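Report on one structure; see the data block that follows.
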Amino acid sequence: MERLVERLEKAVERLETVCQGPGMCRDGSSKGVAQYVQAFDALLAGPVAEYIKISKEVGGDVQKHAEMVHAGLMSERALLVMASQHQQPTENAFSSLLKPISEQIQVVQNFREKNRGSKLFNHLSAVSESIPALGWVAMAPKPGPYVKEMTDAAMFYTNRILKEFKDVDKKHVDWVKAYLSIWTELQAYIKEYHTTGLTWSKSGPVATEGTKSPSAPPAGAAASRSALFAQINRGEGITSGLRHVSDDMKTHKNPALKNQGGPVRSGPKPFTAPKPACNANPSPKTSPKAPALLELEGKKWRVENQENATNLVISDTELKQVAYVFKCTNSTLQIKGKINSITLDNCKKLGLVFDDVVGIVEIINSRDVKVQVMGKVPTISINKTDGCHVYLSKNSLDCEIVSAKSSEMNVLIPTEGGDFTEFPVPEQFKTVWNGQKLVTTVTEIAG
């Protein structure tokens, strides 16, 4: 433990050096800074700095996205400093104080939407899906579980990244680990300092809409963005002393180091995820309607923003091609021939008919979709979807159907008479401890 403390102190000293220039750190030295602000600074100097460093190595859109994430974390730190010095404000005033975080969440998500053609789109999606976790400061009484739920939302895309790069470029694997560790460590931080919600000072003035958060870089752990990147680029980076902290040294991974244990967290329920107050703009502006697309871009068929289109057809297909269907509503799409994969994302009341897929058909973030297989498909994945009917052909009865965080799923099997027999996909499960391991079985719902 002494070696651990020594390494942490050295990391803090290096960051303090960055922050000692004139006007660099207006909120002073770490002396007098609330304990939970210092703990947040340690998170910034550890997993956040590692994520930013690797993002810069990856470069391109990932690096730009990381800078936006960092800006959001700095806005959150400013709010924490304010909370440590002020009493809890009224609800209206609090909504105003959350606005900088809300705006930065929107910036991160908009970047992903504007770069759907990016070669690193999965990286952008992983960040975009989970960045609302910054809204934990508006969550009560369970901010920790909320962060966990937002982290889970990134898993679909991080798993894609790991699958794509695990044998190609270890840098991207490290990127996934670094990014996810931010939210894992944040959950541990929240459990220790803000278990039932953001902790406000018991003394000092009441925070109001006009209360200004310290906008300057923090002392003792995280400097301005440019200074932080400069520190990372040094021969001995910020986290060089933190990388070797083993799991047995971390309080949230080693029960023996904890003074007391908190209650066991129950998992989030499907489709009941609370939306952070800071993620809502009181006066949203109506964004212009995106144009409808049906075009081949390289090897990808893009079918986007189609509404009330009942005769969409893709016929000139090749095995190496993929189809990405995004935000299509009340429409039908037929894909002829054999292609590599099909993805339905954010679609509603969509009917899809296809011949053969050699890879996977993925249905995510959708509602009321119907998918009919005319030929063969090895795997169908249903994720975060409410209402999905899958019609299998006789040649596709060996298809594997994988589902998560979804409801109202049905698989229809063809009969000899040409009709279909409908079978529901289980949504409820029972798990018991048998003395040696957890055993999970499907729960039949009576009625």
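Is it the case that S381 is more than 20 Å from T343 (Cβ to Cβ), crowded, with 17+ Cβ neighbours inside 10 Å and without any contact (Cβ under 8 Å) to a residue 40 or more places away in the chain?
no
Among E149, E164, which is the only one that is in a helix (DSSP H, G or I), open to solvent by 50 Å² or more (accessible area, probe 1.4 Å) and in the same structural domain as D41 (by the TED database)?
E164
Of a type in the set (V, I, T), surrounded by 23 or more Cβ atoms within 10 Å (Cβ to Cβ) and out of contact with any Lys or Arg (no Cβ under 8 Å at 6 or more places or on another chain) - does that describe any residue in region 119-130? Give the steps one after another, and end with the answer.
Taking region 119-130 and keeping what is of a type in the set (V, I, T), we get 127.
If we keep only those that are surrounded by 23 or more Cβ atoms within 10 Å (Cβ to Cβ) as well, we get 127.
In the following step, the residues that additionally are out of contact with any Lys or Arg (no Cβ under 8 Å at 6 or more places or on another chain) were identified as none.
No, that holds for no residue.
What are the residues in region 301-315 that are on the phi < 0 side of the Ramachandran plot, part of a loop (DSSP other than H, G, I, E, B) and open to solvent by 20 Å² or more (accessible area, probe 1.4 Å), if any?
Selection gives Q306, T310, N311, S315.
Residue under question is E422, and the condition is that it be open to solvent by 80 Å² or more (accessible area, probe 1.4 Å) and under 25 Å from the mean Cα position of the chain (by Cα); does it hold?
no
Looking at region 364-373, can you tell me whether even one residue there is in contact with a helix residue (DSSP H, G or I) (Cβ under 8 Å, 6 or more places away or on another chain) and β-branched (V, I, T)?
yes
Rundown of residues vs (1) open to solvent by 90 Å² or more (accessible area, probe 1.4 Å); (2) part of a strand (DSSP E or B); (3) modelled with pLDDT of 50 or more; (4) closer than 30 Å to V369 by Cα, yes/no style:
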position: P268; (1), (2), (3), (4): no, no, no, yes
position: T272; (1), (2), (3), (4): no, no, no, yes
position: L296; (1), (2), (3), (4): no, yes, yes, yes
position: T317; (1), (2), (3), (4): no, no, yes, yes
position: K320; (1), (2), (3), (4): yes, no, yes, yes
position: S331; (1), (2), (3), (4): no, yes, yes, yes
position: K336; (1), (2), (3), (4): no, yes, yes, yes
position: T343; (1), (2), (3), (4): no, yes, yes, yes
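Could you list, ordered by first residue, the pairs with Cβ atoms under 6 Å in which the first is in region 50-65 and farther than 18 Å from R116 by Cα and the second is of a type in the set (V, I, T), at least 6 apart or interchain?
Listed pairs, sorted by first residue: E50/T239; Y51/I182; K53/I232; S55/V62.
For S407, work out the one condition from (1) touching a residue at least 24 places away in the same chain (Cβ under 8 Å); (2) under 26 Å from D356 (Cβ atoms); (3) of a type in the set (S, T, Y) it doesn't fulfil.
Of the numbered conditions (1) touching a residue at least 24 places away in the same chain (Cβ under 8 Å); (2) under 26 Å from D356 (Cβ atoms); (3) of a type in the set (S, T, Y), the odd one out for S407 is (2).
So, K177, is that one outside any loop (DSSP other than H, G, I, E, B) and in contact (Cβ under 8 Å) with a residue 40 or more places away in the chain or not?
no
Please work out if S125 is part of a helix (DSSP H, G or I) and in the same structural domain as I54 (by the TED database).
Details: part of a helix (DSSP H, G or I): yes; in the same structural domain as I54 (by the TED database): yes.
Judged against the criteria, S125 is a match.
Assuming G144 fulfils every condition listed in (1) more than 30 Å from V325 (Cα to Cα); (2) in a loop (DSSP other than H, G, I, E, B); (3) open to solvent by less than 30 Å² (accessible area, probe 1.4 Å); (4) of a type in the set (G, A, S) apart from one, which condition is it?
Looking at each condition in turn, G144 falls short on (2).
Looking at L412, is it closer than 24 Å to M374 by Cα, in contact (Cβ under 8 Å) with a residue 12 or more places away in the chain and loosely packed, with under 15 Cβ neighbours inside 10 Å?
No, not satisfied.
Got at least one residue in region 389-398 being in contact with a Ser or Thr (Cβ under 7 Å, 6 or more places away or on another chain) and either without any contact (Cβ under 8 Å) to a residue 60 or more places away in the chain or among the polar types (S, T, N, Q) (or both)?
no
For region 397-442, what are the residues that are touching a Lys or Arg at 6+ places or on another chain (Cβ under 8 Å) and of a type in the set (K, R)?
K405
The values are calculated or read from the model by the stated rules, or taken from the named source; none is laboratory data. None of these values were measured; they are calculated from a predicted model. Neighbour counts are summed over all protein chains in view; Cβ atoms, including those assigned to glycine, are modelled from backbone coordinates with ideal geometry. What goes into the accessible areas is simple: the full protein's heavy atoms, side chains included, and nothing from ligands, DNA or RNA. Shrake-Rupley method; radii C 1.70, N 1.55, O 1.52, S 1.80 Å.
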